[in-house]
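Visitor: Attaching a single structure in structure tokens format; questions to follow.
The values are calculated or read from the model by the stated rules, or taken from the named source; none is laboratory data. Since the model is a prediction, treat every value here as computed from it, not as a measurement. Neighbour counts run over all protein chains shown; Cβ positions are idealised from the backbone, glycine included.
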Amino acid sequence: MAAHTRRISGPNLTPTGAVLGKSLVDLHGITTGNPTHVPARPGRPGLSTEESFVFEALVQLKGASAEDLAKQTGMPAKEVRAAIARLAALGYIESNGAKNKTYRAVAVQSGA
């Protein structure tokens, strides 16, 4: 008979929830039951993963509203708005100043 191992290769289940061995930043929509793989992008110094993701979407779209960015990135609108606020404060993006604001990237830098 083969010896059985108690080692589990998946998440470690604890009384407070599941503990994963690594961050799943390359998967979006896990809680929907239909996750999609999003290739990792190089980070930008001083920006979180979410902020970098929003910035890259703005670069690709050449401008968008917060709602359009939420649709494009698959991120919750609240997180997108928080990322927009920080990106604007850091000078990475700017707003058109209109009532229905759109944003565009103004500082395109390579990730170092």
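Visitor: Can you pull out every residue in segment 45-70 that is among the hydrophobic types (A, V, I, L, M, F, W, C) and either touching a residue at least 12 places away in the same chain (Cβ under 8 Å) or surrounded by 21 or more Cβ atoms within 10 Å (Cβ to Cβ) (or both)?
Guide: Leu47, Phe53, Val54, Phe55, Ala57, Leu58, Val59, Ala64, Ala66, Leu69
Visitor: In this structure, does Ser110 turn out to be hydroxyl-bearing (Ser, Thr, Tyr), over 15 Å from the mean Cα position of the chain (by Cα) and either at pLDDT 90 or above or surrounded by 12 or more Cβ atoms within 10 Å (Cβ to Cβ) (or both)?
Guide: No.
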